[in-house]
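Quick notes on the structure that follows.
The values are calculated or read from the model by the stated rules, or taken from the named source; none is laboratory data. The shown structure was predicted, so the numbers you read here are calculated from the model rather than taken from an experiment. Reconstructed Cβ throughout: ideal geometry from the backbone, glycine too, with neighbour counts over all protein chains shown.
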Amino acid sequence: MKFINLPEDYAKIVEMLGNKLSLDAIEAEVKYSPSGDIVVSFDGKSGEIKCSKKHHFCRALTLFAMNYKKAGGAAFKKTEKEAFESLGCMIDLSFGTVLNLESLKELIDYMALWGFNQLFLYIEDLYTIPGRPFFGYMRGTFTYDEYKELDDYGYALGMELIPMMQTLGHLGSYLQWPEANGMKENGQVLEPQNDKTYEFVEEMIVNVSAPFRTDKIHIGCDETHGLGMGASFKKHGYREPLGLLVEHVNRAAEICKKHGLKPIIASDMYIAYSSKTYNNYDVNAVISDEIKALVNPEVELMYWHYGQFPGCDSPLIDKHVELNGRPPMFLGGIRIWHNPLPDNIFSALATQDSLPACKAKGVKEVALSVWCYAKTIYQTTLLELARYGEFCYNDTDEGTKDSFEFVTGASYDAFMMMSNLSYLYETDEQKAAASYWKDGLGEQFYNCDIMQNMLEKDMQEWALSGYHRRNAEWFKPLAEKNDPKWDFLYKYCYNLFDNMAVKFEIVENLRPAYDKGDKEMLKKIADELLVRYISSMERACELHMGYKDKYLKPFGEGWVESAYGRRLERARGAIRRINKYLSGELSRLAELEVEKLNHPFDAPVVFAR
């Protein structure tokens with residue numbers, strides 16, 4: 001592929017992304033011309049790319065290469081127009097899995113190829129502050145030079161990197177240390193009305209922003225539960241939490257202004273404190289004149305909604321306009337935090353509901369959150385990033401499959417099938433009825449104990465052994481292909497579904513066999529089924545550890561190993577107890593004699609440790 005009239009910084013993009021699109025295999029001259037929209041065309045002999053921004057050029061390269069391959073050298077023309085001024089992703093680095101520098105660069109490459117131009121780095125304490133050695137201690141902090149290298153890399157691809165830190169809540173990892181004494185409201189939240197707190201806040205803001213070109217900074221302020229009810233209550237008496245929150249935001253905003261920064265905050269607490277039910281998504285929340293007067297118009301509001309309440313976005317965007325006179329930034333979510341695998345079926349429905357509302361209401365900036373909890377494999381979230389890109393540049397997400405498969409080389413259908421670990425998705429009706437509140441059952445079934453099983457009755461009634469076996473068999477051919485790039489993930493999926501199929505088979509038979517005195521079935525469970533359960537869990541663990549060692553910093557992921565270890569030892573313990581019962585060493589298995597109840601799935605499940 002030979003380019004004509006290509007600016008130097010665009011030539012750098014070709015150098016960085018060319019191999020990922022196999023541009024060398026395209027035998028054509030392609031002329032570059034500036035244009036407000038993205039236009040790619042080919043007349044059978046030569047081509048043209050029109051755009052005016054670096055991130056548009058990144059997406060244009062994808063469009064040209066994809067359409068050239070699809071057309072087989074025949075003529076084509078494709079035009080796109082962005083619906084939002086910024087298209088971003090928020091990547092979490094604080095909740096148990098810290099992506100290493102090369103993984104973050106890989107993520108930026110994927111984002112660039114789909115036309116993203118912002119990356120929010122959620123880094124509660126993953127940066128250094130001179131004089132505070134316990135800030136970020138053993139958490140996988142990045143140095144100034146590492147963040148600078150990442151910022152330079154993103155900048156070359158038209159990507160603005162924005163630090164997303166916390167200045168009030170979500171600081172438990174640091175507040176646990178004596179070094180933080182004297183400024184704690186509680187174990188998670190900083191104490192307001194305390195000058196020492198704001199000396200610390202300024203230290204955080206100065207140091208987290210230093211490596212980045214941008215003048216934007218997200219200062220958090222979400223989920224500040226217990227604000228005004230801890231140390232500040234003891235010192236000053238009761239004050240409305242909203243008043244304390246607004247005072248804090250204004251003080252933090254002044255610090256940002258002092259250092260030439262433009263603050264962004266999560267807006268959930270404004271809505272929650274305006275709701276009679278303390279609900280972030282209360283469409284009946286009343287934004288009082290008092291609250292409006294308190295809101296700092298210089299602070300950008302980020303409204304986050306992950307699909308909890310379909311249809312709430314339009315009225316809640318209106319309430320944000322009431323708060324500070326303009327539409328908020330919008331942050332959607334990929335449903336990943338409750339399961340080893342994502343629920344892309346639910347995430348797609350949430351995106352299809354939220355982004356059209358954002359377009360209709362004049363939202364200018366949107367982003368998608370990737371919360372990398374301890375068990376998350378970050379690549380499983382790439383499908384929804386591709387979908388966000390399609391929605392930004394088109395009026396539909398119909399092109400998601402083609403774009404995703406072309407850029408990643410992975411199977412769209414496989415990534416959608418991953419959702420079946422989260423919830424029961426066998427029919428179109430079940431998929432259309434996907435619910436935030438029903439989702440997560442997969443993790444509860446995955447985590448629950450075998451012998452002391454609070455979900456035993458539900459698992460017997462649901463009887464999903466056959467369902468999970470069908471999913472395992474679906475993934476088996478992919479797991480046997482030895483795909484050089486995605487082999488580990490397909491094998492991981494196969495083993496997870498295989499593990500769940502065996503687990504359900506055990507639970508469906510264990511208590512009935514014990515109640516009937518069926519020692520033959522109990523022996524089969526101990527000698528065969530539990531052995532198969534352990535084997536598939538060990539294979540899944542091995543694959544997960546291989547991912548961890550390649551893509552993550554070695555901090556925090558011990559949670560993953562602990563989770564696998566607990567499941568494996570509990571299974572070995574089940575074998576031991578069943579065999580002791582069969583040999584007569586134990587006269588009964590008391591845990592199997594408890595009358596089991598149906599679990600209210602809107603309540604947390606307490607697992608046997």
Worksheet entry | Candidate set from region 197-251 (those that are among the aromatic types (Phe, Trp, Tyr) and out of contact with any Leu (no Cβ under 8 Å at 6 or more places or on another chain)); member that is nearest to Trp304 (Cα to Cα) | Tyr198
Practice prompt. Have a look at Tyr278, Tyr306 and point out the one that is farther than 30 Å from Phe212 by Cα and in the same structural domain as Ile162 (by TED's automatic domain parsing).
Written response: Tyr278
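Do you know which residues across region 283-304 are touching a residue at least 24 places away in the same chain (Cβ under 8 Å) and either within 25 Å of Leu383 (Cα to Cα) or of a type in the set (D, E, K, R) (or both)? Quick ask: steps written out before the conclusion?
Narrowing region 283-304 to residues touching a residue at least 24 places away in the same chain (Cβ under 8 Å): 283, 285, 287, 291-292, 294-304.
Residues satisfying the conditions are Lys292, Glu298, Glu300, Met302, Tyr303, Trp304.
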Item to complete: Could you list, in sequence order, all residues of region 510-569 that are under 18 Å from Leu341 (Cβ atoms), aliphatic (A, V, I, L, M) and surrounded by fewer than 16 Cβ atoms within 10 Å (Cβ to Cβ)?
Response: Met545
Item to complete: Can you tell me which residue among Gly226, Gly307, Gly325, Gly260 is buried (at least 21 other Cβ atoms within 10 Å of the Cβ) and either touching a residue at least 12 places away in the same chain (Cβ under 8 Å) or under 25 Å from Phe120 (Cβ atoms) (or both)?
Response: Gly307
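Any residue at all in region 138-150 that's touching a His at 6+ places or on another chain (Cβ under 8 Å) and of a type outside the set (Lys, Arg)?
Here is the first cut: in region 138-150, the ones touching a His at 6+ places or on another chain (Cβ under 8 Å) are none.
So far as region 138-150 goes, no, none of its residues is touching a His at 6+ places or on another chain (Cβ under 8 Å) and of a type outside the set (Lys, Arg).
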Item to complete: Might you let me know whether region 285-298 holds any residue that is crowded, with 19+ Cβ neighbours inside 10 Å and either within 22 Å of Asp125 (Cα to Cα) or within 26 Å of the chain's Cα centre (by Cα) (or both)?
Response: no
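Could you please let me know if Thr351 is modelled with pLDDT under 95 and outside any strand (DSSP E or B)? Spell out how you get there, then give the answer.
Details: modelled with pLDDT under 95: no; outside any strand (DSSP E or B): yes.
So Thr351 does not fit the description; no.
Return the only residue of Ile345, Ile317 being assigned to a helix (DSSP H, G or I) and closer than 22 Å to Tyr412 by Cβ. Before you say what the answer is, go through the steps one by one.
Working: Ile317 fails: closer than 22 Å to Tyr412 by Cβ.
From the options Ile345, Ile317, the qualifying one is Ile345.
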Worksheet entry | Residue satisfying all of: in region 250-284; at pLDDT 95 or above and in a helix (DSSP H, G or I); nearest to Val299 (Cα to Cα) among these | Ala253
Item to complete: Those residues that are closer than 18 Å to Asn495 by Cα and either aromatic (Phe, Trp, Tyr) or surrounded by fewer than 20 Cβ atoms within 10 Å (Cβ to Cβ) (or both), I need them from region 444-466; list them, please.
Response: Gln444, Phe445, Tyr446, Asn447, Ser465, Gly466
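Criterion first (exposed (fewer than 13 other Cβ atoms within 10 Å of the Cβ), outside any helix (DSSP H, G or I) and among the polar types (S, T, N, Q)) does Ser587 satisfy it?
Yes; evaluated as a whole, the condition is true for this residue.
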Fill in: Segments classed as helices (runs of 4 or more DSSP H), wholly inside region 119-210, with at least 2 members that are of a type in the set (Ser, Thr, Tyr) and over 22 Å from Gly558 (Cα atoms)
144-156, 195-209
Discussion item. Can you tell me how many residues within region 382-432 are more than 18 Å from Phe346 (Cα to Cα), touching a strand residue (DSSP E or B) at 6+ places or on another chain (Cβ under 7 Å) and in a helix (DSSP H, G or I)?
Written reply: 2
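On the basis of being buried (at least 18 other Cβ atoms within 10 Å of the Cβ) and touching a residue at least 24 places away in the same chain (Cβ under 8 Å), does Gly332 make the cut? If you could, list the steps in order and put the result at the bottom.
Numbers: buried (at least 18 other Cβ atoms within 10 Å of the Cβ): yes; touching a residue at least 24 places away in the same chain (Cβ under 8 Å): yes.
Yes.
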Worksheet item: What is the one condition in (1) under 30 Å from Leu552 (Cα atoms); (2) surrounded by fewer than 22 Cβ atoms within 10 Å (Cβ to Cβ) that Asp397 does not satisfy?
Response: (1)
Worksheet entry | Residue in region 489-512 that is over 26 Å from Gly409 (Cα atoms) and among the basic types (Lys, Arg) present | yes
Fill in: Residue, nearest to Tyr198 (Cα to Cα), within region 232-257, restricted to residues that are surrounded by 20 or more Cβ atoms within 10 Å (Cβ to Cβ) and of a type in the set (Gly, Ala, Ser)
Ala252
Practice prompt. Find all pairs meeting these conditions: Cβ atoms under 8 angstrom apart; at least six residues apart or on different chains; first residue within region 88-110 and assigned by TED's automatic domain parsing to the domain that holds Phe330 and of a type in the set (S, T, N, Q); second residue crowded, with 20+ Cβ neighbours inside 10 Å and in a strand (DSSP E or B).
Written response: Ser94/Tyr122; Thr97/Leu552; Asn100/Leu552; Ser103/Leu552
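From the list Gly517, Gly556, Gly573, which one is at pLDDT below 95 and either in the same structural domain as Asn453 (by TED's automatic domain parsing) or in contact with an Asp or Glu (Cβ under 7 Å, 6 or more places away or on another chain) (or both)? Write out each step before concluding.
Details: Gly517 fails: at pLDDT below 95; Gly573 fails: at pLDDT below 95.
From the options Gly517, Gly556, Gly573, the qualifying one is Gly556.
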Worksheet item: Of the residues that make up region 224-247, is at least one more than 30 Å from Ile108 (Cβ to Cβ), β-branched (Val, Ile, Thr) and assigned to a loop (DSSP other than H, G, I, E, B)?
Response: yes
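Could you list all residues from region 290-322 that are under 15 Å from Pro263 (Cβ atoms) and either in contact with a helix residue (DSSP H, G or I) (Cβ under 8 Å, 6 or more places away or on another chain) or at pLDDT below 95 (or both)?
Those that are under 15 Å from Pro263 (Cβ atoms) and either in contact with a helix residue (DSSP H, G or I) (Cβ under 8 Å, 6 or more places away or on another chain) or at pLDDT below 95 (or both): Val295, Asn296, Pro297, Glu298, Val299, Leu301.
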Practice prompt. Taking the residues in region 113-161 that are of a type in the set (D, E, K, R) and closer than 30 Å to Lys53 by Cα as candidates, determine which candidate is surrounded by the fewest Cβ atoms within 10 Å (Cβ to Cβ).
Written response: Asp145
Worksheet item: Could you say whether any residue in region 44-58 is closer than 13 Å to Met1 by Cα and outside any strand (DSSP E or B)?
Response: yes
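Listed here are the residues, each with its yes/no results for (1) in the same structural domain as Phe64 (by TED's automatic domain parsing); (2) of a type outside the set (A, V, I, L, M, F, W, C); (3) over 19 Å from the mean Cα position of the chain (by Cα).
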residue: Ala374; (1), (2), (3): no, no, no
residue: Glu390; (1), (2), (3): no, yes, no
residue: Tyr393; (1), (2), (3): no, yes, yes
residue: Thr396; (1), (2), (3): no, yes, yes
residue: Phe404; (1), (2), (3): no, no, no
Worksheet, complete the sentence: If we ask which residues in region 407-461 are under 17 Å from Ala501 (Cβ atoms) and among the β-branched types (Val, Ile, Thr), their number turns out to be 1
Practice prompt. Determine which single condition Tyr68 fails, assuming it passes every other condition in (1) surrounded by 13 or more Cβ atoms within 10 Å (Cβ to Cβ); (2) in contact with a Ser or Thr (Cβ under 7 Å, 6 or more places away or on another chain); (3) not charged (D, E, K, R).
Written response: (2)
Response to the item:
Note on Glu520: of the conditions (1) over 25 Å from Leu592 (Cα atoms); (2) assigned to a helix (DSSP H, G or I), unmet is (1)
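Taking region 172-221 on its own, how many of its residues are of a type in the set (A, V, I, L, M) and either within 25 Å of the chain's Cα centre (by Cα) or at pLDDT below 95 (or both)?
Residues of region 172-221 of a type in the set (A, V, I, L, M): 175, 180, 183, 189-190, 201, 204-206, 208, 210, 217, 219.
Keeping just the survivors that are either within 25 Å of the chain's Cα centre (by Cα) or at pLDDT below 95 (or both) gives 175, 189, 204-205, 208, 217, 219.
Total meeting the criteria: 7.
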